[in-house]
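What follows is a set of notes on a single structure, which appears directly below.
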Amino acid sequence: MNEEKIDNCKNNIYDHLIAEEKNKHSVYCTKCPSKILPSTLGKHMNIEFNLPHMSQKKNCESIECELLSDYWMVPDMYMFDNIGFSKPIESGLKYLICADCEIGPIGWYDDKTKQSYVALSRVKHAEDS
Amino acid sequence: MAKKTYDLLFKLLLIGDSGVGKTCILFRFSDDAFTTTFISTIGIDFKIKTVELQGKKIKLQIWDTAGQERFHTITTSYYRGAMGIMLVYDITNEKSFENIVKWLRNINEHANEDVEKMILGNKCDMEDKRVVVKGRGEGIAREHGISFLETSAKANINIEKAFTELTLSILNKTPGREPTDVPEKINIDRKSDRLSNRCC
């Protein structure tokens, strides 16, 4: 019972973006007008992943990360309208970036499963224009 | 499994000397130096962009050669599957223009022979520093039967046009333009073979 309550609370802030586990709206970049993913192509997933901050402090050697747990899982990279992939970082992972302004990481891509994960908190959700 | 969300998929490469602005051609807004730092230390592998041309939804997978600009490092594996190549030089850098011929030779040696090519003279916003006149770019393109454009990634001149033109030229020679058309074509060919046999 208790666990369920916690889970519900956690999802609350994103509930309005999810319909039948999929992204209800199209996904856009937060900094530029680039459209990243059309609606309904991402599946909502709760996975904990330490994603580096989009802005890192200058002259700081360690990479500061943020533990995020809400992602849109995209099973095929060609489902994206516009997306960029970084060079591989470790064990076949690549960071996802905006294809136009290159801010990121907005998520990560796993070369083994070919699945991409876009952090809900790193993108904008809006109706198709 | 997943529904197909596009009609065609083209792989494009950006090739040319380092510093000619290939990476800049791939992005429109580069003013936020702070946020690009993190990704630029890792580097970009490729991008996927979606365009609509002649009623077809086309996915472009665009690869940048940044960091591997020396001829010997770009070989067959890099060109594999490439359907279009943007060959870029910098109008303010004579050497980068002279190297276009070397790049063309490299492409001829390693890439698929029917790959669509396009030559871009980049940084055309820097008129005061120009050392390669437009006519020379046009000349070399004509000589090799390739289309040519002067571009500026910085001022966003002709970038969109370059991608559209290259994509269109690939689209126009895509057999049947749709995968479903291909088997029909083969059938027709077989029929005509049989007919010609009968005639003989």
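The values are calculated or read from the model by the stated rules, or taken from the named source; none is laboratory data. The model shown is predicted, which means the values in this text are computed figures rather than measured ones. For neighbour counting, all protein chains shown are included, and Cβ atoms are generated from backbone atoms with ideal geometry for every residue, glycine included. Just so you know, the surface numbers come from the protein's heavy atoms only, side chains and all, with ligands and any DNA or RNA stripped out. Shrake-Rupley method; radii C 1.70, N 1.55, O 1.52, S 1.80 Å.
Say we look at the range A:75-129 and pick out the residues that are facing chain B (nearest Cβ under 7 Å) and among the acidic types (Asp, Glu); which of these is most open to solvent (accessible area, probe 1.4 Å)?
Per the criteria, the residue is A:76.
Within the range A:93-110, can one find any residue that is free of Cβ contacts under 8 Å to residues at least 40 places away in the same chain and more than 16 Å from the chain's Cα centre (by Cα)?
Scanning the range A:93-110 turns up no residue that is free of Cβ contacts under 8 Å to residues at least 40 places away in the same chain and more than 16 Å from the chain's Cα centre (by Cα).
Residue by residue, here is whether (1) modelled with pLDDT of 85 or more; (2) open to solvent by 80 Å² or more (accessible area, probe 1.4 Å); (3) assigned to a helix (DSSP H, G or I); (4) under 30 Å from residue B:56 (Cβ atoms) holds:
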position	(1), (2), (3), (4)
B:131	yes, no, no, no
B:135	yes, no, yes, no
B:140	yes, no, yes, no
B:154	no, yes, no, no
B:164	yes, no, yes, yes
B:170	yes, no, yes, yes
B:195	no, yes, yes, no
B:198	no, yes, yes, no
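Give the residue that is nearest to the other protein chains (Cβ to nearest Cβ), with candidates limited to residues of the range A:55-74 that are open to solvent by less than 50 Å² (accessible area, probe 1.4 Å) and modelled with pLDDT of 85 or more.
Of everything passing the filter in the range A:55-74, A:74 is nearest to the other protein chains (Cβ to nearest Cβ).
Limited to the range A:19-52, what total is found for residues that are assigned to a loop (DSSP other than H, G, I, E, B) and within 8 Å of chain B (Cβ to nearest Cβ)?
Count: 4.
Which pairs have Cβ atoms under 7 Å, sit 6 or more apart or on different chains, and link a residue in the range A:15-28 that is aliphatic (A, V, I, L, M) to one that is open to solvent by less than 80 Å² (accessible area, probe 1.4 Å) and at pLDDT below 95?
none
Starting from residues that are open to solvent by 30 Å² or more (accessible area, probe 1.4 Å) and within 24 Å of residue B:19 (Cβ to Cβ), keep the ones in the range B:47-65 and report whichever is farthest from the other protein chains (Cβ to nearest Cβ).
B:63
I need the full set of residues from the range A:38-85 which are within 17 Å of residue B:44 (Cβ to Cβ) and over 14 Å from the mean Cα position of the chain (by Cα), in order please.
The one that is within 17 Å of residue B:44 (Cβ to Cβ) and over 14 Å from the mean Cα position of the chain (by Cα): A:56.
Suppose the filter is open to solvent by 50 Å² or more (accessible area, probe 1.4 Å), touching a Phe, Trp or Tyr at 6+ places or on another chain (Cβ under 9 Å), within 11 Å of chain A (Cβ to nearest Cβ) and at pLDDT 85 or above; does residue B:9 pass it?
Spelling it out, residue B:9 is indeed open to solvent by 50 Å² or more (accessible area, probe 1.4 Å), touching a Phe, Trp or Tyr at 6+ places or on another chain (Cβ under 9 Å), within 11 Å of chain A (Cβ to nearest Cβ) and at pLDDT 85 or above.
If you go through the range B:114-129, how many residues are open to solvent by 20 Å² or more (accessible area, probe 1.4 Å) and assigned to a loop (DSSP other than H, G, I, E, B)?
Of the residues in that region, 5 qualify.
Working carefully through the options A:36, A:18, find the one that is touching a Cys at 6+ places or on another chain (Cβ under 8 Å), surrounded by 14 or more Cβ atoms within 10 Å (Cβ to Cβ) and at pLDDT 90 or above.
It is A:36.
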